[in-house]
Structure formats: C-alpha cells, structure tokens
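The values are calculated or read from the model by the stated rules, or taken from the named source; none is laboratory data. What you are looking at is a predicted structure, and each value in this text was computed from that prediction instead of being measured. Heads up, the Cβs are rebuilt from the backbone with ideal geometry, glycines too, and the neighbour counts pull from every protein chain shown. Surface areas here come from the heavy atoms of the whole protein model, side chains and all, with no ligands, DNA or RNA. Shrake-Rupley method; radii C 1.70, N 1.55, O 1.52, S 1.80 Å.
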Amino acid sequence: MKRYIWLISVVLFGTWAGLAAPERVTLLYMTAGDINMLALAQNVLGPMFAEKYPEVELRTVHTGPGDAGSQLILEKLRAEKLSGKATWDVDVAMVHQVFMSWAMAEGDLLLQYAQDLETWKYVTSPHAKYALGTLVEGYVMPMFHSQVAIAYNPKYVPNPPRSYEELVEWVKANPGKFGYNGIKGGMSGVAFVVGWVYWKSGKYEKYAITGPYDEAEVASWEPIFKELKEFNKYVTITAGNVGTLDALNRGEIWMGPVWVDMFYTFMLTGKMDPNIRLVLPAPGLPGQPMYFVIPKKARNIDWAKKFVEFVTSPEIQAKVIVEMYNWYPGIDGTYIKDYVSPEAYARLYRDITPEELREKGLSFALAKYHTAILEAYEKWTIGG
C-alpha cells in the first residue's frame, strides 16, 4: 500500500512539475536610432513578443541616434569580446549600416545567423548582402528601409520628371520651384547630391558597392559639382528635411527630395496636402536600412533568433513597420500584401512599387567616398 501511495506521489509530482511555469528569459536588446526606436521596442515589439512567448521579457537599452548610437554598441561588444566571458550580455542589437563596416573589420563580434531564420527567404534587398561596400550577407536582417524620393505637387507638375536628366530641364523651365536642403540640416538633401554623383559619373557600383577608394576619382568630380552649382541657381535651398516638407505643403516649392516615412507621417497627421505624390527618378536615390545583428556569444541565441524572426515576419512587417511607422519593410514588399490593410499598402506603394524600389533604391556611398562627396560639394558647388 505504501509503495502504491509512493508511486502515485511520484506521478503527481512529475505532473505538477510539468505544469510549472517555464523559466523566465530576459532578452537584452540594444538599439541605436532616434527615440522612436526605443518607443517601438518598449511599447510595441516587446509587448507583442511577450504575448506570443509569455516566458520572455524584452529589456531595451537605447544608445542614441546616428553613427554615435551604433558606435556605443560596437564599444559594448568589443568590451564583451575582450572580457573573455563565455557568454555576453547583449542578445540582439539594432544598428546602422556604418556599424557593419566597423564590426566586420573588428572580427569575431557577430554571429552569422540570418540564413537560419524562416524569414530569410523573404529578403531580396541588396542591402542584406552589402552595407556601404562591406559584405554582410548572413550577419544582418533588415528591420526596415528608409528611402528618399522626390515629392511633387501634381496640381503644378502633372508629368513629373522621371530621371535626373529630365529634372534638370524641368528646373530650368520652373526656377525656384524645386527645393532641397543642400548638404546641411538633413540627409534628404545629401541623398539628392549623392544621387547626382551616381548619375553624372555612372560609377554607382564602384562608389557604393565594390570600391576601392581612389583619390584620383575625387579630382575628376570638379565638372560634376560645377554643373550642380549651375543647377542650384534655379532651385530653392530649404531649411532641412522638415523645411522641404513644409515648403511643399505651403506651395512655395512644387518638388523636392524627402524621406518617404517622414512624408507619409506628415500626411497622416494632417501636415501635408494629401494630393502630393512621389516619384523615384532614374538612375535612383539612396536610402538606408537598419539591421538586426546577434553578438557571436549572446547568452540567448535561440531566443534572439526567434525575436528577429518574429519582427521580420510578413505579419509584423505589415502591421508595425508599414502601417504604424510608414517605413518600407525590411523584407520584400510583395510578401506583406496579404497582411497589411489595402489602404496602407496602396499608400506606401501607390507611387513606388516594390519592383521599382529594388531597381532604384540605391545605397549611400562608401564612407570615404561619402566624405569626399560632401567635401567636394563644399569646395566646388558652394565655394567654387
């Protein structure tokens, strides 16, 4: 009898143990970027991931905007590497393109994980292979893509220019009605200038993808920037990214380069004339993704992969990245159509299709070329 009771106790104990709450996991997530990246993790992605996986808590550390934010993440991972610890504190991070050139040069900081994910098959962007000329395939998953395009008012521009060449002719015929911020106060203007160099030189692949950096190339740019100086005689120089959007909304200019996500956010909040449209002129304009990376010795690698897989799934890309934040998705846009509202999909891809984005959504130049372009603009377009 006692043996029988003992056996029952063992069975019941095993059953109760099986019903016990799973062990809690804290996933440490570091993100660079503006403050909206912190809000996205804390208020949206963290709670959504916890709803699917109640045993996991996403703990977010925000490192700040721009290159400096990504630099702090690099320094943290470098310190982890030098510590010699078997596992590191950071499980997953969100970084800018420039981070990848630093991290890959450093070596042994990142895990090559992306091909392990179910969502890897949805990624077609060239930015998932190269980041500012650095081979990164397998080490990154794009979370979203920010793209610069030309916004125009169809009331005044019924047939917008479809190329840089057509734009030059249009600007001469409509002086003062195209506006951009030069290279000061916002990257939309910088993107326009970089696109101008790609167009005039015909060397996008060398300047943005393959390299190598060649100082002799820079000396050959003087005519390119002198032509841009002539172009600028017919344009309005605006006060930054927001300045271009405001000038468009007020009708002071009829066309100008803008960040697509900022453009649609302005439109959805009533700050932009809903009739204004977008065009991506040939040969294209730069944009930039932000990437998920996983440190090489992350403590919770499997959960980190699950988190990245979750955020890059068509459903989350549709509901969060597109509908809530007006970014282009990190995965190919054709895969989100069944998950996004028809209104949001039509809004984001009304003027620039996924196919057109793949063709004309270019990368910014390699770091040394990028610096040289800005210096050349100062020397020959402003000063020369």
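Hey, can you tell me all the residues within the stretch 114-150 that are assigned to a strand (DSSP E or B), touching a residue at least 40 places away in the same chain (Cβ under 8 Å) and polar (S, T, N, Q)?
Those that are assigned to a strand (DSSP E or B), touching a residue at least 40 places away in the same chain (Cβ under 8 Å) and polar (S, T, N, Q): 146, 147.
Mind checking whether some residue in the stretch 331-339 is within 30 Å of residue 206 (Cβ to Cβ) and not in a helix (DSSP H, G or I)?
Yes; the residues of the stretch 331-339 include at least one that is within 30 Å of residue 206 (Cβ to Cβ) and not in a helix (DSSP H, G or I).
Filter the stretch 46-58 for residues that are open to solvent by less than 70 Å² (accessible area, probe 1.4 Å), outside any loop (DSSP other than H, G, I, E, B) and not small (Gly, Ala, Ser) and give the result.
Once the filter is applied, which keeps residues that are open to solvent by less than 70 Å² (accessible area, probe 1.4 Å), outside any loop (DSSP other than H, G, I, E, B) and not small (Gly, Ala, Ser), the stretch 46-58 yields 47, 48, 49, 56, 58.
Which condition from (1) over 23 Å from the mean Cα position of the chain (by Cα); (2) closer than 16 Å to residue 170 by Cα is the one that residue 280 breaks?
The one condition residue 280 does not meet is (1).
Here's a check for you: in the stretch 208-233, which residue that is aromatic (Phe, Trp, Tyr), at pLDDT 95 or above and within 14 Å of residue 376 (Cβ to Cβ) is surrounded by the fewest Cβ atoms within 10 Å (Cβ to Cβ)?
Among those residues, the one meeting the criterion is 221.
What's the total number of residues in the stretch 59-86 that are touching a residue at least 40 places away in the same chain (Cβ under 8 Å), outside any helix (DSSP H, G or I) and either open to solvent by less than 60 Å² (accessible area, probe 1.4 Å) or of a type in the set (A, V, I, L, M) (or both)?
1
Which residue out of 139, 113, 122 is open to solvent by less than 30 Å² (accessible area, probe 1.4 Å) and either among the basic types (Lys, Arg) or touching a strand residue (DSSP E or B) at 6+ places or on another chain (Cβ under 9 Å) (or both)?
Values: 139 fails: open to solvent by less than 30 Å² (accessible area, probe 1.4 Å); 122 fails: open to solvent by less than 30 Å² (accessible area, probe 1.4 Å).
Within the list 139, 113, 122, the selection yields 113.
Just one of 318, 346 is crowded, with 19+ Cβ neighbours inside 10 Å, more than 25 Å from residue 102 (Cα to Cα) and free of Cβ contacts under 8 Å to residues at least 40 places away in the same chain; which is it?
318
Only one residue in 278, 245 is farther than 30 Å from residue 109 by Cα, open to solvent by less than 10 Å² (accessible area, probe 1.4 Å) and not in a helix (DSSP H, G or I), so which one is that?
278
Is it true that some residue in the stretch 283-297 is assigned to a loop (DSSP other than H, G, I, E, B), open to solvent by 60 Å² or more (accessible area, probe 1.4 Å) and closer than 24 Å to residue 160 by Cα?
no
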